[in-house]
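Everything below concerns the one structure shown next.
The values are calculated or read from the model by the stated rules, or taken from the named source; none is laboratory data. Every value quoted in this text rests on a predicted model; they were computed, and no experiment measured them. All Cβ positions, glycine included, derive from the backbone under ideal geometry; neighbour counts span all protein chains shown.
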Ligand SMILES: Cc1cc2nc3c(=O)[nH]c(=O)nc-3n(C[C@H](O)[C@H](O)[C@H](O)COP(=O)(O)OP(=O)(O)OC[C@H]3O[C@@H](n4cnc5c(N)ncnc54)[C@H](O)[C@@H]3O)c2cc1C
């Protein structure tokens with residue numbers, strides 16, 4: 001960050017003040033290295049001036065200038081698959097996103113022979129991940145957050161704002177990926193640069209067929225290829241909700257947000273005063289602004305539909321964002337990065353067990369009510385690694401169906417499946433709320449005992465605690481909010497109870 005600001009002395013004055021606990025200028029942090037060259041070739045200051053938006057222009061006219069840099073430093077130190085040599089491993093992991101790489105690091109540390117296949121294993125991760133700081137502290141990974149805010153805030157409407165005493169952080173993508181890569185290198189993991197096309201199974205062995213013609217055999221194949229995976233099977237209709245969002249890391253003339261608070265949700269809609277069409281659609285399917293202010297001039301802004309079904313259109317999201325930023329007086333002068341976020345949420349779990357193991361976006365890990373996943377995946381991967389090591393480690397050799405049974409049930413024991421039903425119920429309830437209902441819901445939710453709202457957001461509550469949370473929510477709710485619960489929840493509640501009964505059988 002500091003290097004970014006230093007590199008633009010003519011166009012950007014230094015930030016007016018520094019947020020109390022933000023780590024804005026860690027030397028060598030992923031933030032500073034990702035943006036070491038914030039202005040791309042051919043876009044020097046003159047180009048920057050030309051691309052600046054006019055007073056009433058929109059940030060949509062600006063092209064994103066950066067993409068995350070690849071981790072070239074690992075090119076020499078990692079082991080690459082010798083295509084002429086032996087291609088038999090204990091485990092093949094498809095994908096080097098946060099899920100695949102964390103599992104790869106954890107499994108290879110336990111002495112298991114692992115090959116990780118991805119078209120571009122050293123690429124920088126494209127998404128801007130955020131997480132609660134305590135979740136990363138719990139795993140000893142807090143130094144992989146490149147910026148932290150001591151508080152978060154939620155704007156319910158123009159008159160009400162909630163201040164949440166829970167620190168939030170932005171994941172240093174490069175730092176986290178480097179940390180996991182180092183573990184993989186130490187564990188002797190082998191990478192293969194290819195796309196997996198097909199997975200074949202025999203009784204005790206599977207093999208992946210890649211687009212370069214190679215075929216790699218293993219006792220277990222784990223699919224960590226993200227939401228679009230076609231390798232994981234479902235035995236129930238996939239009734240997802242969708243989180244859709246448009247995000248930009250932007251340089252701005254100014255913004256109105258405090259630097260010591262990240263904005264978890266801004267549900268204000270005063271920007272729609274002159275936009276009757278937008279106001280109507282927003283009151284039916286609301287969106288909020290999520291913002292991480294890094295300095296007075298640099299901010300990550302994301303207009304987000306928490307969950308919708310059918311999915312809200314991406315164009316609609318962008319229109320709302322333009323109207324909101326204009327109303328807030330945020331003039332974007334440069335878009336450093338942008339992201340289109342589309343996250344399938346809820347729906348059934350994959351078929352359990354099945355011959356391919358899944359982790360991350362492929363395995364139902366996304367929190368059905370929030371869309372968050374990274375911290376949970378990082379936390380659960382060691383548990384799965386332990387089960388894999390128990391089955392494939394040197395002392396025991398459990399393969400085939402018993403292995404698939406153990407790994408799937410290790411990751412998704414009955415209790416965790418039941419808890420997920422509850423979180424999916426939360427999503428189904430949110431889907432039924434319009435803007436007024438959503439505001440009433442969060443107004444009550446964030447007034448709950450922090451143990452409950454924090455536990456809910458971090459998937460930490462047991463089924464009994466989730467039931468307590470429901471009672472507490474009902475007890476604290478306003479009368480209109482209670483009416484929402486009584487009139488809109490029976491169908492999702494009945495569905496959840498049915499699914500819980502099936503899980504218990
Ligand atoms: C824009 C965006 C923002 C998000 N922000 C947050 C956030 O702030 N906090 C949070 O907790 N969650 C967030 N999420 C949700 C979730 O955490 C991410 O989607 C996360 O990246 C999922 O991790 P993953 O490892 O499962 O999959 P991915 O990160 O998608 O990685 C999949 C990997 O598999 C590879 N691959 C795909 N197909 C194949 C194939 N056939 N063969 C070989 N390799 C293959 C890909 O190249 C990729 O490297 C966000 C999601 C998106 C889309």
Residue tally, condition in contact with a helix residue (DSSP H, G or I) (Cβ under 9 Å, 6 or more places away or on another chain) and not in a helix (DSSP H, G or I), over region 125-149: 16
Qualifying residue in region 427-436 (condition: without any contact (Cβ under 8 Å) to a residue 12 or more places away in the chain, under 27 Å from residue 152 (Cα atoms), touching a helix residue (DSSP H, G or I) at 6+ places or on another chain (Cβ under 9 Å) and assigned to a helix (DSSP H, G or I)): no
All positions within region 168-178 that are more than 15 Å from the ligand (Cβ to nearest atom) and more than 22 Å from residue 119 (Cβ to Cβ): 175
Residue count for region 393-414, restricted to those that are modelled with pLDDT under 95 and assigned to a helix (DSSP H, G or I): 1
Qualifying residue in region 185-195 (condition: surrounded by 22 or more Cβ atoms within 10 Å (Cβ to Cβ) and touching a helix residue (DSSP H, G or I) at 6+ places or on another chain (Cβ under 7 Å)): yes
Matching residues, region 468-484, being in contact (Cβ under 8 Å) with a residue 12 or more places away in the chain and under 15 Å from residue 426 (Cβ atoms): 468, 469, 472, 473, 477, 481, 484
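Of the residues 198, 230, which single one is exposed (fewer than 15 other Cβ atoms within 10 Å of the Cβ), farther than 30 Å from residue 60 by Cα, within 13 Å of the ligand (Cβ to nearest atom) and at pLDDT below 95?
Numbers: 198 fails: at pLDDT below 95.
Result of the check over 198, 230: 230.
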Condition broken by residue 118, with the remaining ones in (1) near the ligand (Cβ under 10 Å from one of its atoms); (2) not assigned by TED's automatic domain parsing to the domain that holds residue 359 satisfied: (2)
Residue among 137, 186, 203 that alone is more than 24 Å from residue 226 (Cα to Cα), more than 13 Å from the ligand (Cβ to nearest atom) and free of Cβ contacts under 8 Å to residues at least 60 places away in the same chain: 137
Answer from 250, 218, 245 - the residue that is within 30 Å of residue 82 (Cα to Cα) and either modelled with pLDDT of 95 or more or away from the ligand (no atom under 16 Å from the Cβ) (or both): 218
Which numbered condition residue 67 fails, given (1) touching a helix residue (DSSP H, G or I) at 6+ places or on another chain (Cβ under 9 Å); (2) within 16 Å of the ligand (Cβ to nearest atom): (1)
Every residue from region 454-466 that is in a helix (DSSP H, G or I) and touching a residue at least 24 places away in the same chain (Cβ under 8 Å): 454, 456, 457, 463, 466
Residue within region 382-398 that is assigned by TED's automatic domain parsing to the domain that holds residue 106, within 16 Å of the chain's Cα centre (by Cα), within 19 Å of residue 232 (Cβ to Cβ) and within 16 Å of the ligand (Cβ to nearest atom) present: no
So residue 175, is it at pLDDT 95 or above, in contact with a strand residue (DSSP E or B) (Cβ under 8 Å, 6 or more places away or on another chain) and assigned to a strand (DSSP E or B): no
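Listed here are the residues, each with its yes/no results for (1) more than 15 Å from the ligand (Cβ to nearest atom); (2) assigned to a loop (DSSP other than H, G, I, E, B); (3) without any contact (Cβ under 8 Å) to a residue 40 or more places away in the chain.
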| position | (1), (2), (3) |
| --- | --- |
| 92 | no, no, no |
| 96 | no, yes, no |
| 99 | no, no, no |
| 111 | yes, yes, no |
| 123 | no, yes, no |
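Given the residues 223, 269, 258, which is the only one that is touching a strand residue (DSSP E or B) at 6+ places or on another chain (Cβ under 6 Å) and touching a residue at least 24 places away in the same chain (Cβ under 8 Å)?
223
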Scope region 73-90; condition assigned to a loop (DSSP other than H, G, I, E, B) and out of contact with any strand residue (DSSP E or B) (no Cβ under 6 Å at 6 or more places or on another chain); matching residues: 75, 76, 77, 82, 83, 84, 85, 86
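To keep it simple, each residue is scored yes or no on (1) surrounded by 11 or more Cβ atoms within 10 Å (Cβ to Cβ); (2) within 17 Å of residue 419 (Cα to Cα).
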| position | (1), (2) |
| --- | --- |
| 462 | yes, yes |
| 471 | no, yes |
| 486 | no, no |
| 495 | yes, yes |
Odd one out for residue 160 among (1) in contact (Cβ under 8 Å) with a residue 60 or more places away in the chain; (2) under 16 Å from the mean Cα position of the chain (by Cα); (3) farther than 24 Å from residue 388 by Cβ; (4) more than 9 Å from the ligand (Cβ to nearest atom): (2)
Region 212-227 - residue that is touching a helix residue (DSSP H, G or I) at 6+ places or on another chain (Cβ under 9 Å) and within 15 Å of residue 407 (Cα to Cα) and, of those, surrounded by the fewest Cβ atoms within 10 Å (Cβ to Cβ): 219
